[in-house]
Amino acid sequence: MAKNIVLIGFMGSGKSTVGRRLARRIGYGYVDTDQMIEAKVGKKVAEIFDGEGEAVFRALERQAVEKASSGKVRVIACGGGAVLDPENVKMLKQNGVLIYLKASQKSLMERLERGLARRPLLRAENAEERVKELLEERVKTYESVADDIIDTDGLSPARVVDEIVARKIG
Ligand code: S3P
C-alpha cells in the first residue's frame, strides 16, 4: 500500500517547496506541520516561540505530526526539529517513508538568507555560526532516522522532485 512521503531536514533544505511540487506531481495531498500549527493557533511560528515558548510549540508540533500521519496518504513537510522527538519519528514511520533533504551549511545559508526572521531558532547575532552549531547537533539524527537521503546541493526543487519520483519512494 502507498505510504506517506515525509520530508525531513534542516531549516532551508527545501522541504516545503519540494513537498508542494512533489504532491502536485504525484497527485497526493500535501501538509506542512508548521502551517498546520499556524492554522490551529492563528499565530505565526515565531509568535508562538515568542509568546508561549518552544515547549508549547513542540507540543503543538507533536499534535500536528499525529494528525498528519493518520488518514489519507500524503506528502508531509516537517518542521526541521520535528524528528528530534522520537515519538514523532515513530508516528511518522508507521505509514511513511522519511526522506532527508540533505544540504551543506553553505547552501542552507544561501537558501535561508531571506527567511531568517521567521525562524526563531536562528535569530542570533551570528546566524551563520548558529546554523553551523545546530546542524552539527542534528545531522546524525537526520541521517539515522531517514529511510532515504537526497543530497540537494546544486539541485533545483524541480530536480529534487525528479529524484524522488525516479527513486520510486513511497
Ligand atoms: C524549526 C524549524 C522550523 C519551525 C520552527 C523550528 C527547527 O521549520 O518548525 O522554527 O527546530 O528546526 P522549517 O524547517 O520549515 O523552517
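The numbers here are math on the coordinates, done by the rules we state, and not lab data. What you see is a predicted model; the values in this text were computed from it and never measured. Cβ: placed from backbone, ideal geometry, glycine included. Neighbour counts: every protein chain shown.
Summary table
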{"item": "Label point distance in nm, R130-A55, each placed 7 Å from Cα along Cα→Cβ", "result": "2.2 nm"}
{"item": "Lys/Arg +1, Asp/Glu -1 at C-beta; the chain dipole; positive extreme among L121, I164, G154", "result": "I164"}
{"item": "Net charge, V56 excluded, C-beta distance under 13 Å - Lys, Arg +1, Asp, Glu -1", "result": "-1"}
{"item": "Label zone at K3 (point 7 Å along Cα-to-Cβ), backbone N below 15 Å, the stretch 120-153", "result": "144-150"}
{"item": "Burial ranking of peptide ranges 136-144, 96-104 (average Cβ count within 10 Å, highest at the top)", "result": "96-104, 136-144"}
{"item": "Inverse of mean 1/r across different Cα pairs in the chain, Kirkwood, Å", "result": "16.0 Å"}
{"item": "Amide H within-cut-off set for N4, under 5 Å, with H built and near neighbours excluded", "result": "R74, G96, V97"}
{"item": "Sequence ranges 114-121, 75-82, ranked by mean other-Cβ count within 10 angstrom, highest first", "result": "75-82, 114-121"}
{"item": "Lys, Arg +1 and Asp, Glu -1 on Cβ, resulting dipole of the stretch 4-165 about Cα centre, debye, nearest 20", "result": "680 debye"}
{"item": "Theoretical gain in end-to-end length, R167 to E137 [0.36 nm per residue, Cα-Cα removed]", "result": "8.0 nm"}
{"item": "Theoretical FRET efficiency, 1/(1+(r/R0)^6), r = Cβ-Cβ of L84 and E110, R0 30 Å, to 0.05", "result": "0.80"}
{"item": "Whole-Å distance, taken between Cα centres, linking the stretch 120-159 and the stretch 28-88", "result": "18 Å"}
